[in-house]
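Quick note: the coordinates plus some simple rules give every number you see, no bench work behind them. From a predicted model like this one, the values you see are computed outputs, not experimental measurements. Neighbour counts are summed over all protein chains in view; Cβ atoms, including those assigned to glycine, are modelled from backbone coordinates with ideal geometry.
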Amino acid sequence: MSLPNLTTTIAFINDKPSAFETGETILQFTRRHWGKDSIPTLCDAPNLEAFGSCRVCSVEIALEKDGPRRTKAACHTLVEPGMFIFTESAAIQKLRKNIIELVLTDHPLDCLTCEVNGNCELQDVAARVGIRKVRYPAGENHLDREKDLSHPYMTSDLSKCILCFRCVRACDEVQGQLVLSVAGRGFESKIVKGFDQSFFESDCVSCGACAQACPTSAISDVYQSKALVGQDKIRTVCTYCGVGCNLEVSVKNDTILSIQAPWDAEVNKGHTCLKGRYAFSFYNHPERLQYPMIRRNGHLERVSWNEVYDFIAAKLSTIRTEYGPNAIAGISSSRCTNEENYLMQKFIRAVIGTNNIDGCARVCHSPTAIGMQRAFGTGAATNSIEDIKFTDCIMVIGANPTEGHPVTGAKLKQFAMKGKTTIVIDPRRTELAKYATHHLQLRPGTNIAVLDMMLYYIIKEGLTNKDFIEARTEGFAAFKDSILNINLDQLEGVSGVPREQVRAAAIAYASANSAMSFHGLGVTEHYQGTFTVMQIANLAMITGNVGRRGCGVNPLRGQNNVQGMADMGVQPYQGAGYFDVTNPDYNRMYEEFYGVNIPIEIGLTIPQMYNAALDGKLKALWIMGEDLVQSDPNTTKVIKALESLDLLVVQEIFMTETARYADVILPAASFLEKEGTFTNGERRIQRVNKVVEPLGETKADGQIMVEMMNRMGYDQAPYTAKGVLEEIARIVPFFAGVKWDELGKQGKQWPVAPDGTDTKILHTDTFKRGKGQFFFREYIESPEIESFQQDYPYILTTNRVLEHYNAGTMTRRTPNVNIVDEDLLLIHPEDAGRHNIAEADWVCIESARGKVDIRAHLSDEVKPGVLSTTFHFPELMVNLVTSDVHDSEAKCPEFKVVAVRIRKARRVAERQTRLLV
């Protein structure tokens, strides 16, 4: 045949010319052109580096069509110009068949007829290479090992192991946990967990990466055995943190069998944490709310949907008539979809007639939104998580991503483990801090002090990016003067971080070609939270780390749809699309769009709602998917406020601590029972698809809102996610090109242009506000410390654990409680010794607001004088001791600084057993 002119991009697959990409392996090249089944593999997995141990992927290559051939492993051999690749020659087929036969001789199950039909990759490969029987006699299997059934989610039968090392590599390369390894040599080699422990005894974090990688079910999910033939696989998005992992849910007969992570998902690439992969059994838990209820004579009674709608409509209408629309308020949820949050704020504004709408996005991340809007013009992540691959330095401040954002946390941990420049600013020695180049272990509440010091040293060392500052920012001269006048002695003293440590970290950040920052609630939930975000933005601008790959300012969103909730207008001062509700032009825009009068004054934030309720001014509150009693500060005040209302409507999936005070209960569908979109922390709008039908009489939150809007006289079209998304796209500019049918599997990152083009990186040429604005703010001590430190000398800060999510409403109703079943107090051994407290002793924590008893865990992860705990279990109610102090600008609660004193509990506390499992 006549050959085409060879170029540097052409190679031949079985005589057919095809273009290849620089750095592409034969396996990648062949699969791209001929599909994923073009070459069989055993040791290869899509999210693992090439390993080349099994040689099942072997092909023949030649530099000329009829030239001499060599046998090479396709997984790690690079394609070369003019290379001829033969994937199915007689010699290759014979080689592959022989390899698999030898593997099967040491495999205890006959994989040609085993019962794990459809779930065993080894069986599929055997069929692919044409094995019908094994010619070689089976030897005595050297891996006759006892099954490990210790873990609630994963099991292992390592007698099935073929030593492909995929599980070890997944634990290393994907999660970075290094739990699995190989012990022994030669024929005695075997996979071990930790020091040859069980799964439960080891340091396994239950991400399931090993189970998903295993080709023989030697390690598998407990649920996997239920995955029978005939199942459907439906793709959706996780309901837990703001990473936005894609999930592939196996369903049969309207029952969820198992969840895995799709390999092709851009967000998580075949990886999840234990919550996303395993903690789904809450969806059909016996304690799910399944029908509407109205409280009569002190008791909740079951009613019909028509009756409950009529009851709410009548009560709200009466209150609005007697007291005005501002006597009514709504609280929405970032566990709900964009469409549902949009409808909730529309209901409050267009139907009720007030801007009294708020939610956890503003409560927890409003300092991010306000701070970044002031500096850049938008309050969202500037870059994509994918950019971790392109950065030279990461700075993580006030976040514990391996616990709170596990898939992103694993990527950051991998970055740090490879010895790349990593800066962690946190009061705790978190898992990431243990691998960090620089850990600035500051006193809680002193973020501004440390960042001011970093900025000082960047200026003093001449490491500013003058070109970027001059071309793209304003206000630098005054900012520089203020920074150079800070009192280093004072800031070093209050923060507890030696100045030389700060200087080293500052130089490392400023010297990197690209530096990428990540921050969480340890930044925002402080008295100076907004100003801290602005200082992080200052760091990025002063070094030119904005508008390029591998840099920027990237908030880590704690809940799955925090970003989307804010985008949809769930805040009292901004409507959908972040338009100022007090601006007359925007007010007219909303009125024309909604067809009714829209209030122009700012509404109440959640803390202001509590005060208004206690003052008798707020009469009705509608809460959609938030457990305020357990998760908001100063629990006693929250309860009193809720009890002061004339009407409390709670829309929930379980009887939460807040729902116990409700006058009306509306049973909502879980994320697995509805459709819509979530927007993750990198601005990625992704489709949530219904997996099973709603349980009992539950309804999607969006359907409830639409039916209520119509019941109160506002004409809203019947609920569909697609229809509401079309409405959103007409009012939210950065959703202009978002279409339900065009989101595909990967979603799109806003802003999305009308032609559907999305945006990976913000502020590439100019900031949204024009030029970036420098702001200086001096460090100010929290009023909590100023007022109470003399009598309450310890600082309590709050955190999360990997196994549970927020108030634990969902995770406490899954086997996650078999792994972690209580909140613990981290206390430094010196402080414990001072108060005669031993490991697991009951400790009384007391603040100016109240006290709680909790068990102690002695740890040097916190410094002396600092205590830390979680808030996942209602038996504890940590927020009985937290304060009313809020961020000075955004009114975000200061959960991270609580002045307390401690003592050993006077009696042995009997732990309550109100675990709803």
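Identify the GluC sites (Glu not before Pro) of the stretch 602-704 meeting these criteria: DSSP loop state and at most 16 other C-beta atoms within 10 Å of the C-beta.
E697
From the Cα gyration tensor of the stretch 229-274, with a ≥ b ≥ c the square roots of its eigenvalues, which class applies: rounded if a/c is under 1.5, or else prolate if a/b is larger than b/c, or else oblate?
Here the stretch 229-274 falls in the prolate category.
Which value, in debye to the nearest 20, describes the size of the charge dipole of the chain about its Cα centre when Lys and Arg Cβ atoms bear +1, Asp and Glu Cβ atoms bear -1, and nothing else is charged?
Numbers: 100 positive and 111 negative charges, 244 e Å.
Around 1180 debye, computed over the chain.
Quickly work out the A127-to-S150 label distance, labels modelled 7 Å from Cα along the C-beta direction, and quote it in nm with one decimal.
3.6
Based on the Cα gyration tensor of the stretch 10-88, what are the three equivalent ellipsoid semi-axes, each the root of five times an eigenvalue, rounded to whole Å and given largest first?
For the stretch 10-88, the semi-axes come out at 19, 13, 11 Å.
Report, in degrees rounded to the nearest 10, the 0 to 90 angle that the Cα long axis of helix 584-594 makes with the longest principal axis of the chain.
With rounding to tens, the tilt is 70 degrees.
I want the local charge near R549. Using Cβ-Cβ distances under 10 Å, sum +1 for each Lys or Arg and -1 for each Asp or Glu among the other residues.
+1
Using θ = phi - 60° and the Karplus relation 6.51 cos²θ - 1.76 cosθ + 1.60, list the HN-Hα couplings for the stretch 794-809 in order, rounded to whole Hz, with x at every Gly or Pro.
Listing the rounded values in order: 8, 10, 9, 10, 10, 8, 10, 10, 4, 6, 10, 10, 6, 6, x, 3 Hz.
Please report, in debye to the nearest 20, how large the charge dipole of the stretch 10-88 is about its Cα centre when each Lys and Arg carries +1 at its beta carbon and each Asp and Glu carries -1 there.
100
Which of the listed residues, V182, C161, C241, is farthest toward the dipole's positive end in the stretch 137-284, when Lys, Arg count +1 and Asp, Glu count -1 at the beta-carbon?
Checking the options against the dipole of the stretch 137-284, the answer is C241.
Quick check on the stretch 137-284: take the gyration tensor over C-alpha atoms, sort the square-rooted eigenvalues as a ≥ b ≥ c, and tell me if it's rounded (a/c under 1.5), prolate or oblate.
Numbers: a/c = 2.04, a/b = 1.60, b/c = 1.28.
It is prolate, given that a/c is not under 1.5 and a/b is the larger ratio.
Against the 2.2 N^0.38 Å scaling, with N counting residues, where does the stretch 783-904 land? I'd like the Cα-based Rg ratio to two decimal places.
For the stretch 783-904, the normalised Cα radius of gyration comes out at 1.06.
Which order results if V629, V134, V182, V424 are arranged by neighbouring Cβ count within 10 Å, fewest first?
Listing V629, V134, V182, V424 from fewest to most nearby Cβ atoms yields V182, V134, V629, V424.
For the stretch 315-361 and the stretch 728-783, compute the distance between their C-alpha centroids and round to whole Å.
Result: 25 Å between the Cα centres.
Considering only DSSP beta bridges whose two residues both sit in the chain, what percent are antiparallel, to the nearest 5?
Given both bridge residues lie in the chain, the antiparallel proportion sits at roughly 60 percent.
To make sure I understand, if each residue's beta carbon is the centre and we count other beta carbons within 10 Å, what order do F415, F775 fall in, fewest to most?
F775, F415
³J(HN,Hα) across the stretch 156-163 via Karplus (A = 6.51, B = -1.76, C = 1.60, θ = phi - 60°), whole Hz, x for Gly/Pro?
Going residue by residue, I get 9, 10, 6, 5, 8, 5, 10, 6 Hz, with x marking Gly and Pro.
Extending each Cα 7 Å along its Cβ direction at Q789 and E49, get the distance between those two points in nm, one decimal.
Taking the two extended label points, one gets 4.7 nm.
Quick one: net charge of A659's neighbours, Cβ under 13 Å, K/R +1, D/E -1? Intermediate values should be presented prior to the final figure.
Details: positive: R288, R295, R660; negative: E287, E626, D627, E652, E657, D663.
Cβ neighbours under 13 Å give a net charge of -3.
Determine the dipole magnitude for the stretch 783-904: charges of +1 sit on the beta-carbon of Lys and Arg, -1 on that of Asp and Glu, nothing else is charged, the reference point is the Cα centre, and the result goes in debye to the nearest 20.
Details: 13 positive and 20 negative charges, 43 e Å.
Value, rounded to 20: 200 debye.
If you wrap a convex hull around the alpha carbons of the stretch 411-540, what volume per residue comes out, as a whole number of Å³?
Here the figure is 111 Å³ per residue.
Put +1 on the Cβ of every Lys and Arg and -1 on every Asp and Glu Cβ in the chain; which of L95, G496, N306 then has its Cα farthest towards the positive end of the dipole?
Among L95, G496, N306, the one farthest towards the positive end of the dipole of the chain is L95.
Between K434 and D15, 0.36 nm times their residue separation minus their Cα-Cα distance comes to what?
145.6 nm
Evaluate 2.2 N^0.38 Å with N set to the residue count of the chain, then give the Cα radius of gyration divided by it.
This ratio for the chain stands at 0.99.
Once you list every other residue whose beta carbon is under 12 Å from the beta carbon of K413, what net charge do they have if Lys and Arg are +1 and Asp and Glu are -1?
So the environment of K413 carries a net charge of 0.
Please report the spacing between the Cα centers of the stretch 490-516 and the stretch 388-454 in Å, no decimals.
12
For the charge dipole of the chain, defined by +1 on Lys and Arg C-beta atoms and -1 on Asp and Glu C-beta atoms about the Cα centroid, which residue among A45, Q373, T71 has the Cα displaced farthest towards the positive pole?
Farthest towards the positive end: T71.
Of the DSSP beta bridges with both residues in the stretch 10-88, give the percent that are antiparallel, rounding to the nearest 5.
In the stretch 10-88, approximately 85 percent of DSSP beta bridges are antiparallel ones.
Calculate one ³J(HN,Hα) per residue across the stretch 498-505 by plugging θ = phi - 60° into the Karplus curve 6.51 cos²θ - 1.76 cosθ + 1.60, and present them in order as whole Hz with x for glycine and proline.
x, 4, 5, 5, 5, 4, 4, 5
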